[in-house]
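Have a look at the structure below before the remarks.
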Amino acid sequence: MVNGNTNGSENGNGYHSDPEGAYQGLILKSSNYERWKAKQQAEFEAALESLLDEKTPKDAIYKRQGRGNMQFDYVQGWWMIKQLNALFSRHWSWRIEREEVGQSQVWVRGVLTVRMGPGEEGLVSKEAYGGADIKHFGGGNSKGGQVIDIADDLKAASTDALKKAASMIGIAADIYGGHSDSAQSKSGFDPKR
């Protein structure tokens, strides 16, 4: 989404009317244009294949220890952003609607908006919550017990919410939609029941 644009190239819904934007001239003049174009196409094809197959590539899936000492699958935030960029170019936005700082956790509610077609009816928005534990310094130094950086905790919560919202349009939905094989085997939950 473009903010503060005064040159009239932004349409009423906050998206540039020129999909190539200000970069078009610079990119077309570059000797690396064909290489850039091929890379963009390859990333689009890989992201689209993953979306259509409803299967997140194995090399993008990581494991983490979660509540109840269970192992959970996840994808990293940068990977999710890369998929959004590949699928929607610059035609997506992420906005935090609300944030809250508690005693031990922070949470945010965000809205992901993507352009899937022309006009207002081409905009799709998904809202999701995300949270993160507040990190504290250990007891081994003078700052023991103090909050390290609440902004980092809020960024982690925002990334968590973005990943959940993106899964609602199909990106890594097998991981965040509760259908991953490991989530079922570890928890005993079968989403087909």
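Data overview
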item	result
Rounded accessible area of Glu97 (nearest 10 Å², 1.4 Å probe)	90 Å²
Surface accessible to a 1.4 Å probe, per residue, for the residues of the range 45-108, Å²	67 Å²
q = 0.21, 0.23, 0.27, 0.28 Å⁻¹, the range 107-170: log10 I(q)/I(0) [Debye, one scatterer per Cα]	-0.80, -0.87, -1.00, -1.04
Difference of contour (0.36 nm per residue) and Cα-Cα distance, Trp36 to Asp152	38.5 nm
Long pairs among Lys82/Lys126; Lys37/Lys82; Lys37/Lys63; Lys63/Lys164, criterion Cα-Cα beyond 22 Å	Lys37/Lys63
Accessible surface of Phe72 - all protein chains present, 1.4 Å probe, nearest 10 Å²	60 Å²
Contact order relative to length of the range 131-182, as percent, for alpha carbon pairs under 8 angstrom and 6 or more apart	28 percent
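The values are calculated or read from the model by the stated rules, or taken from the named source; none is laboratory data. Not measured: the values here are computed from a predicted model. Remember, those area values only see protein heavy atoms, side chains included, never the ligands or the DNA or RNA. Shrake-Rupley method; radii C 1.70, N 1.55, O 1.52, S 1.80 Å.
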